[in-house]
Amino acid sequence: MGYVLVLLGFLGVFVGLALLIIGVIKKKKMKGGLVLGISVAAFIVGFIMVPTNSTDSTNDSNEKDKVETVAKSNDDKPATVTPDEFNKLKNGMSLEEVEKIVGGKPKNPDAKENDNLILIWEYDGENGIEKDSPVSLIFKDGKLNTIQQLGLIIEKETEEEKAAREAKDAEENKLDYTIQEEKISGSIWYVTLLTSLTEENDLRKLVELTSDLAKSKKEKIDSIFVKVNIKNSLAKSYAATGKVALSDMGLIQTKLKIINNYEFKYLVTEEHLTSKDDLKQSNESYSAEDILKAFQDAGLPTTDSRDNSHNCVDLECTTLITTEDVSIYEWPSVEKAQEVRAKNFGDAQVGTIIIRMNNKSLDIQKYIDVMNNVVNK
């Protein structure tokens with residue numbers, strides 16, 4: 001509209017001037033002054049309107065660009081997690097459901113699932129108990145699996161508080177243990193614990209305690225492999241085993257699927273619950289182990305020898321060594337051995353030793369001769 005008025009005003013000025021000139025020449029009133037006045041007014045109004053509209057248009061455009069830039073900036077900025085939002089998160093939620101609750105992408109939007117289908121999103125907490133309050137959301141196969149926070153809704157422990165709590169827990173749970181052996185290979189900690197505990201719950205707590213023990217290591221620990229032995233046990237196998245991943249690298253090392261989630265196996269048998277103290281002892285200078293070694297030195301078959309002395313609790317023997325070919329029983333005294341053999345137990349008896357032939361095709365006399373050499377020397 002402004003441009004039209006300017007154009008009409010411009011043309012009107014010329015028309016008005018022409019009429020004024022003609023009126024002067026012919027000495028007639030041609031209304032040139034009126035046309036000129038209206039045209040000048042129209043030109044001025046139009047001229048004012050043109051720059052006003054242009055400025056408004058420019059301002060509108062600038063404002064639109066500014067809004068779009070701010071919107072884009074907000075889209076790129078990672079979301080934060082408030083305590084209210086944190087409490088709304090539930091295991092099993094999809095990625096989209098989590099985004100909707102927290103209001104956007106994590107700090108690591110380019111994070112991808114690993115080979116175990118694990119995806120970890122990291123957020124900063126907002127309006128939490130502590131200023132620095134990181135939040136970790138762990139997804140398994142596209143579903144929220146683990147929700148972790150530090151300082152957002154629960155205040156962080158100081159090192160002194162943590163040490164005091166762990167000491168109190170250890171005292172309350174009576175986690176009697178020593179580290180029997182350990183080795184760190186790369187970022188993997190292999191540790192064997194020795195304990196008098198035998199209950200499943202106690203051994204589970206003991207295995208899980210290694211996560212806290214790992215924090216005292218100078219080296220970075222990504223995973224832990226734990227084995228547990230029972231003090232004074234006759235068992236030759238472990239009473240419990242466990243492993244845990246402490247990081248994404250640990251998941252690869254352990255082949256587990258969730259960080260800080262222990263895989264625990266309780267392996268206690270009657271053998272683990274039996275100690276040498278439960279068995280009567282022989283006062284003779286030789287033992288079942290000496291007889292086994294003498295058989296081996298003589299070249300007699302003793303395939304796959306095993307200490308099964310835990311069975312002696314019921315049999316009232318001192319030691320029991322079994323092989324695929326022959327079993328060796330040691331008794332507390334010669335008299336006890338004779339008493340047992342008189343009940344047709346085993347195949348031969350010399351001193352405190354009774355043998356049972358498991359491979360009947362072998363020459364038992366050769367075994368008896370070796371036994372006599374050991375017992376009567």
Please give the helices (runs of 4 or more DSSP H) falling wholly within the range 291-377 in which 3 or more residues are open to solvent by 30 Å² or more (accessible area, probe 1.4 Å) and either of a type in the set (Phe, Trp, Tyr) or closer than 22 Å to residue 271 by Cα (or both).
312-315
Filter the range 249-262 for residues that are in contact with an Asp or Glu (Cβ under 8 Å, 6 or more places away or on another chain) and either at pLDDT below 90 or of a type outside the set (S, T, N, Q) (or both) and give the result.
249, 250, 252, 256, 259, 262
Within the range 221-232, which residues are of a type outside the set (Phe, Trp, Tyr), open to solvent by 30 Å² or more (accessible area, probe 1.4 Å) and not in a loop (DSSP other than H, G, I, E, B)?
227, 229
Filter the range 183-210 down to residues that are out of contact with any Leu (no Cβ under 9 Å at 6 or more places or on another chain) and either open to solvent by 30 Å² or more (accessible area, probe 1.4 Å) or among the aliphatic types (A, V, I, L, M) (or both), then give me how many there are.
13
The range 112-124: number of residues that are among the aliphatic types (A, V, I, L, M) and modelled with pLDDT of 90 or more:
2
List every residue pair whose Cβ atoms sit under 6 Å apart, with the two residues 6 or more apart in sequence or on different chains, where the first one lies in the range 242-267 and is assigned to a helix (DSSP H, G or I) and the second, anywhere, is of a type in the set (S, T, N, Q).
250/223; 251/116; 253/223; 254/223
Return yes when residue 135 is outside any loop (DSSP other than H, G, I, E, B) and either on the phi > 0 side of the Ramachandran plot or touching a Gly at 6+ places or on another chain (Cβ under 6 Å) (or both) and no when it is not.
yes
Between a first residue in the range 196-207 that is hydroxyl-bearing (Ser, Thr, Tyr) and a second residue that is in a loop (DSSP other than H, G, I, E, B), which pairs have beta carbons less than 9 Å apart while being 6 or more apart in sequence or on different chains?
196/176; 196/231; 196/232; 198/239; 198/268; 198/272; 198/273
Hey, could you check the range 233-251 for residues that are touching a Ser or Thr at 6+ places or on another chain (Cβ under 7 Å) and closer than 20 Å to residue 136 by Cα and say which is surrounded by the fewest Cβ atoms within 10 Å (Cβ to Cβ)?
249
When you scan the range 104-118, how many residues do you find that are surrounded by 13 or more Cβ atoms within 10 Å (Cβ to Cβ) and either charged (D, E, K, R) or over 26 Å from residue 254 (Cα atoms) (or both)?
5
Search result, residues across the range 263-286 that are open to solvent by less than 70 Å² (accessible area, probe 1.4 Å) and modelled with pLDDT under 90
269, 271, 272, 274, 275, 279, 282
Given the options 316, 324, name the one that is on the phi > 0 side of the Ramachandran plot and of a type outside the set (Ser, Thr, Tyr).
316
Looking only at the range 119-145, how many residues end up being without any contact (Cβ under 8 Å) to a residue 60 or more places away in the chain and open to solvent by 30 Å² or more (accessible area, probe 1.4 Å)?
11
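The values are calculated or read from the model by the stated rules, or taken from the named source; none is laboratory data. All values reported here derive from a predicted model rather than from experimental measurement. We place every Cβ from the backbone using ideal geometry, glycine too, and count neighbours over all the protein chains shown. Just the protein is used for accessible areas: all its heavy atoms, side chains included, with ligands, DNA and RNA removed. Shrake-Rupley method; radii C 1.70, N 1.55, O 1.52, S 1.80 Å.
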